[in-house]
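One structure is given here, and the rest of the page talks about it.
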Amino acid sequence: MTATKEYLAESELQKPNGRFGTRHYVVFMLFLGMANAYVMRTNMSVAIVAMVNQTAIEHEAEVFDDECPDTDYGEPADPADHKDGEFLWSTSLQGYILSSFFYGYVITQIPFGLLAKKYGAMKFLGWGMLINSVFAFLVPIAARQGGAPWLIVVRFIQGLGEGPIVPCTHAMLAKWIPPNERSRVGSIVYSGAQFGTVISMPLSGLLADHGFDGGWPSIFYVFGIIGTVWSVAFLWTCHEDPITHPSIAEDERKYIQQSLWGKAGVNIPPIPWKSISRSLPFYAILLAHLGQNYGYETLMTELPTYMKQVLRFSIKANGTLSALPYLAMWIFSIGVGWVADWMLTSGRFTHTLTRKLSNSIGQYGPAIALIIASYTGCNRALTVAILTIGVGFNGGIYAGFKINHLDLTPRYAGILMAFTNCSANLAGLLAPIAAGNIIEGKPTIAQWRIVFVIAACVYIFTATFYNIFASGTRQPWDNPDNDEPQKPVSIEAPAYENGHSNLANGGTTATMYRANNAAEQRQ
């Protein structure tokens with residue numbers, strides 16, 4: 001297979017020396033931002049165990065299956081080590097508290113995606129995470145002074161602040177990262193989610209047991225400080241794009257701007273809603289994202305429940321085992337990203353084929369793991385291994401559909417991500433609902449097999465749809481040739497208007513667009 005002209009053209013560009021450049025610093029900060037976001041999202045699930053007086057509240061009788069022998073492996077050795085919390089919250093009320101963050105997070109996805117397109121992504125991302133971090137300090141105060149209702153309000157506001165993290169991160173990657181670096185960079189940045197989870201779960205447990213102010217409040221104080229420091233540093237040192245950055249090396253600025261399919265600092269025309277709504281490659285990403293969230297929720301939420309109810313083994317009680325799947329996904333996703341970029345720069349693979357191969361690993365792999373896990377019987381060790389391997393393979397999605405928005409439309413990538421991420425998070429709610437209805441009252445291996453096979457089928461269907469209709473080519477509705485003519489501005493001498501760069505869509509952008517699409521159409 002021949003290389004696309006896009007990469008032949010990029011190979012002729014003068015790439016900056018192998019130094020740690022400004023774009024690498026931006027990537028590092030976005031990685032830490034994603035890690036902070038997932039720390040804030042998951043730390044309540046650990047803290048609430050220490051917050052609630054578990055012995056004083058009435059527990060619903062949990063139904064266990066008797067097909068597998070009982071075991072104490074993975075459970076606390078000494079019940080006396082458990083410390084009761086200070087709040088009498090029922091299980092259902094705890095569910096409302098845990099979900100309140102999610103509702104704030106989901107409803108701001110699309111609005112912030114649209115606002116980022118108009119006003120820029122960097123400040124929404126920085127200020128949103130600052131709000132999230134500052135309100136973390138209020139969690140202990142709200143819980144102790146106002147009870148569950150005020151705690152729900154604070155967590156909801158934290159979710160609102162985290163809403164910009166995914167669409168705004170995507171929008172910044174489109175402006176800072178050349179196409180031949182996107183796979184590994186996207187994998188690195190989004191793997192911050194797994195890194196944050198790996199750090200958050202054991203550290204939150206340690207703080208809950210040995211922290212200050214009663215233990216659990218220190219979780220929110222410590223991570224609130226870390227998040228606040230990151231937010232201030234991000235707002236102080238990062239900039240919207242290479243054109244507006246005051247101190248980036250000139251050779252790096254030229255390399256980024258000339259290698260991007262569309263200029264990062266252009267006056268972006270109105271969103272082509274009609275064309276997007278008719279785009280099969282967009283629906284391929286949307287379906288893949290929906291299938292990913294449904295399958296991932298099954299892997300990470302329902303398999304541990306299966307292991308507890310059927311296998312009599314609590315993986316959640318073992319901090320090391322609970323972090324293993326996230327660690328595997330983090331490491332594997334970075335590796336797949338590097339391989340994907342090598343495939344592109346080698347000249348042997350197109351964007352389209354690279355995205356499909358990466359995504360196939362990321363979604364067919366977990367599907368196979370779920371099917372195998374449903375037939376492992378009472379073998380606890382094998383089930384843990386399957387869980388770890390399946391979630392590890394899932395890391396392939398970052399070089400697959402997760403970064404594919406940037407291929408289709410660099411200028412509207414943040415908006416597309418806002419729509420697919422919002423829809424996918426809502427679809428993720430279906431996994432525990434479906435599982436609950438299937439296994440209610442009868443958590444047998446046979447019933448759980450239905451749960452796993454359904455999730456595997458969702459993975460397989462959405463991945464197959466993606467493989468048929470996905471594309472790595474920039475779409476005609478984001479053709480720079482169709483933009484209104486603007487006064488040419490040199491890359492070496494960027495112009496600014498109202499605090500934003502105003503770079504024309506010149507002949508270079510149009511030429512690269514035509515060359516890329518002509519080459520892709522010949523594949």
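The values are calculated or read from the model by the stated rules, or taken from the named source; none is laboratory data. All figures in this text were calculated on a predicted structure; none of them were measured in a lab. All Cβ positions, glycine included, derive from the backbone under ideal geometry; neighbour counts span all protein chains shown. These accessible areas exclude ligands, DNA and RNA; they are computed on the full protein's heavy atoms, side chains included. Shrake-Rupley method; radii C 1.70, N 1.55, O 1.52, S 1.80 Å.
Leaving out ligands, DNA and RNA, what percent of the accessible area of segment 271-476 is carbon and sulfur, probe 1.4 Å? Exposed carbon and sulfur together represent 71 percent of the surface. Highest-first packing order for the peptide set 161-173, 223-235, 31-43 is 161-173, 31-43, 223-235, based on the mean count of other beta carbon atoms within 10 Å. Extension gain for the segment ILE225 to TRP338, taken as residue separation times 0.36 nm less the Cα-Cα distance, is 37.4 nm to one decimal. The peptide list 285-295, 109-119, 385-395, put in order of mean Cβ contacts within 10 Å with the highest first, becomes 285-295, 385-395, 109-119. The HN-Hα couplings worked out from phi for segment 197-212 by the Karplus form 6.51 cos²θ - 1.76 cosθ + 1.60 (θ = phi - 60°) are 5, 4, 6, 5, 4, x, 5, 5, x, 5, 5, 4, 8, 10, x, 8 Hz, whole numbers, x standing for Gly and Pro.
Legend: residue pairs LYS254/LYS274; LYS123/LYS402; LYS402/LYS442; LYS123/LYS356; LYS356/LYS442, Cα-Cα distance threshold 31 Å; pairs beyond threshold, LYS254/LYS274; LYS402/LYS442; LYS123/LYS356; LYS356/LYS442. The modelled label-to-label distance for the pair VAL134/PHE212, using points 7 Å beyond Cα in the direction of Cβ, is 2.2 nm. Highest mean packing first, where packing is the average number of other Cβ atoms within 10 Å per residue, the peptides 399-408, 356-365 line up as 399-408, 356-365. Modelled spin-label separation between ILE433 and SER346, with each label point placed 7 Å from Cα along the Cα-to-Cβ direction: 4.4 nm. Taken one residue at a time, the phi angles of segment 220-236 give Karplus couplings (6.51, -1.76, 1.60, θ = phi - 60°) of 7, 5, 5, 6, x, 5, 4, x, 5, 4, 4, 4, 5, 5, 5, 5, 7 Hz. Gly and Pro are set to x.
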